[in-house]
1. State, to one decimal in nm, how far the label point of Arg22 lies from the label point of Glu238, with both points 7 Å from Cα in the Cβ direction.
2. Pairs of Cα atoms under 8 Å, at least six residues apart: use those to get the relative contact order of the range 77-193, whole percent.
3. Restricting to Cα atoms and excluding each atom paired with itself, what does the Kirkwood estimate give for the range 1-95 in Å?
4. Under unit Cβ charges (Lys, Arg +1; Asp, Glu -1), what dipole magnitude, rounded to 20 debye, does the range 2-131 have relative to its Cα centre?
5. When the convex hull of the Cα atoms of the range 82-183 is projected onto a plane and the area is averaged over all directions, what value comes out in nm²?
6. Given H placed 1.01 Å from N in the peptide plane, which residues other than close sequence neighbours of Val324 have an amide H under 5 Å from its amide H?
7. Taking 8 Å as the Cα distance limit and 6 or more residues as the minimum spacing, I'd like the relative contact order of the chain as a percentage.
8. Just to be sure I understand the model, the point goes 7 Å from the Cα along the line to the Cβ. What's the resulting Arg149 to Ile129 distance in nm?
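What follows is calculated from the coordinates using simple rules that are stated; it is not laboratory data. Here the structure is a predicted model, which is why all the values come from computation and not from measurement. Here the Cβ positions follow ideal geometry from the backbone for every residue, glycine too, while neighbour counts run over all protein chains shown.
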Amino acid sequence: MCDEARALRTLRDAADAALTERLVEIERTGAHLGEDATSVVTWARRDLRLEAGDTRARLRAGEALAQLPRAAEAFRAGEIALEHVKVLDFGMRHVGVDETVQLDEHLTKVARAFPPGRLKKLVRRAKAIQHPESLDEAWISGMDRRDIRLSKTLDGWHVTGFLPIHVGAQLHAVLESLSVPRAAGDDRTASERRCDGLEELLTRVLEQGLPTDGTVRPQIHVVVEAGTLKAALAPDPESAFVAGEPAELVGFGPIGRELLRHLTEGADLRPLLVERIGRNERILDVGDRHRHATAKQREAIWFRQDGVCARAGCENPIDHSHHVIAWSEGGPTDLDLLEGLCAACHHFEHAIHPRAG
């Protein structure tokens, strides 16, 4: 059954590629005019039952693929999906044509191995590196739009509004942590789990009293190189630290210097020594003979795994530091022998391996 599912997915993606190429050809030759349609969009809506937005996205994707031979080959073979190609088209328009063409092979390799969301994250980082000035422009624009409203209805409350980047990241970090499935039998929908998580948060706040003195800090993470942090907080042309890639606000993406300065005011800064060689990173840290991971080790695990559970296919946030070799069996609390698991995967690990650490 699994092989059949993989084969069907490949057929679907290859069919999407063939349809996209045909639409591009129809527009190029004007074949739709012979069938009394003023545009390819009109013809596709009438004869293929495609929404106008879908047709336009396919036409843009076809134009992008004309300059990305590796991606075009993978799309025709059913190795990447239409959603991957839409991300590549986004890269052509927002990162730059020449830059995306140069990354054709690398981006196609990522698309073959990961879902479109992972590829979009990579393309957004490329945009941040090529156009860092746009990061603070986006934050300032969002600050002008901030709004939240609670409207009472007969059966509850209707929530509308718009949150600035850093406020949304705070809420996202809290809800992600509180809405993780707690066991394999948790059959709540994602929206139900988010609402339950918000209810749990509000209950805790009301039980402990409303924070009025500003000492309760949101648990959000910003990953930033030393040089970039130095350039944002204390610019000095004579400094030995050179600004590198933009800082990243976890749960959102790259951010500019102004927002970085805003977030570091009163924040806890925890340095983490990392050795970087090309795209590879290695955390330079030492082990510990205590059973529980230290705060520094937990931060290192979080950094190493981008805050995501170590189990393949699981995208839940880390909740536990887990011993690869059980502590009860002599496993040390060394960084290289620790991994971060979400609550559900950690519970499952202990269910199948009762002596696991």
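1. Going from the Arg22 label point to the Glu238 one covers 7.0 nm.
2. Taking the mean separation of contacting Cα pairs over the length of the range 77-193, I get 16 percent.
3. 13.9 Å
4. So the dipole magnitude of the range 2-131 works out to roughly 620 debye.
5. Seen from a random direction, the Cα hull of the range 82-183 projects 9.9 nm² on average.
6. Hits under the 5 Å cutoff: Leu338, Glu339.
7. It comes to 10 percent, rounded to a whole number.
8. 4.2 nm
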